[in-house]
Amino acid sequence: MEVKNKKPTGKKTENSDKTLWIIIGVTTLALGGVGYWWYYRKRKNKLEMLPRETENLDREIASTIANTATRRSTTIRRPTRFRCSSNKYPLQYGTCHKDVKILQAYLAKIYKEDLGRSGRNKDGVDGMFGNKTNKAAKKHLQKTSFSKQDIDGMRTAIKTIKR
């Protein structure tokens with residue numbers, strides 16, 4: 001008996017290599033599409049969580065307060081907008097006054113305190129006595145309420161430093 005030469009069965013043919021690469025390409029595109037869809041959806045949800053109008057913000061604050069009363073441990077704290085409650089002396093938390101800028105400049109220049117990125121020079125000096133100003137004043141000056149005389153002293157100190 002004669003043995004005929006047969007093609008080896010262990011080698012892949014050229015056609016099966018093309019099929020494999022097509023499968024890999026389609027899978028890669030599908031995974032990329034799913035990843036893009038997931039990223040877009042996550043980003044859209046973050047943008048929807050940001051308040052767009054003060055009405056929506058008031059509703060969110062009211063619902064947060066209601067949720068806090070019932071479920072304190074699961075409440076997510078969202079940033080709220082600062083509202084000025086006063087524009088007179090004594091300067092304290094919630095005050096919006098031109099002399100608050102003197103206090104903030106004093107804290108920023110003398111104590112090198114970071115008051116945020118608001119204001120004309122993006123240094124936190126914006127004239128609104130908010131959380132960061134309150135914490136810095138309590139930390140460095142050991143008080144949170146300031147009279148006209150306190151501000152006048154700070155104004156003099158700032159002018160002295162500029163010279």
- Query: Considering region 90-115 alone, what residues qualify as being polar (S, T, N, Q) and either under 24 Å from the mean Cα position of the chain (by Cα) or surrounded by 21 or more Cβ atoms within 10 Å (Cβ to Cβ) (or both)?
  - Reply: Thr95, Gln104
- Task: Within region 126-141, track down each residue that is in contact (Cβ under 8 Å) with a residue 40 or more places away in the chain and touching a strand residue (DSSP E or B) at 6+ places or on another chain (Cβ under 8 Å).
- Result: Met128
- Task: Name the single residue, out of those in region 61-89 being open to solvent by 100 Å² or more (accessible area, probe 1.4 Å) and over 21 Å from Ser118 (Cα atoms), that is modelled with the highest pLDDT.
- Result: Lys88
- Would you point out which residue out of Asp123, Asp58 is of a type in the set (Asp, Glu), in a helix (DSSP H, G or I) and modelled with pLDDT under 90? Asp58
- Message: Condition check: modelled with pLDDT under 65 and surrounded by 10 or more Cβ atoms within 10 Å (Cβ to Cβ). Does Asp17 satisfy that?
- Response: no
- Item | Extreme residue, farthest from Thr95 (Cα to Cα), among residues of region 126-151 that are part of a helix (DSSP H, G or I) and among the small types (Gly, Ala, Ser) | Ala136
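Looking at this structure, is Leu141 open to solvent by less than 30 Å² (accessible area, probe 1.4 Å) and either modelled with pLDDT of 90 or more or under 28 Å from the mean Cα position of the chain (by Cα) (or both)?
No, not satisfied.
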- Only unsatisfied item for Ser147, checking (1) at pLDDT below 90; (2) open to solvent by less than 60 Å² (accessible area, probe 1.4 Å), is (1)
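The values are calculated or read from the model by the stated rules, or taken from the named source; none is laboratory data. Bear in mind that the values here come from a model prediction, so they are computed numbers and not experimental data. All Cβ positions, even for glycine, are placed from backbone atoms using ideal geometry, and neighbour counts span all protein chains on display. For accessibility, only protein heavy atoms count, side chains too; no ligands or nucleic acids. Shrake-Rupley method; radii C 1.70, N 1.55, O 1.52, S 1.80 Å.
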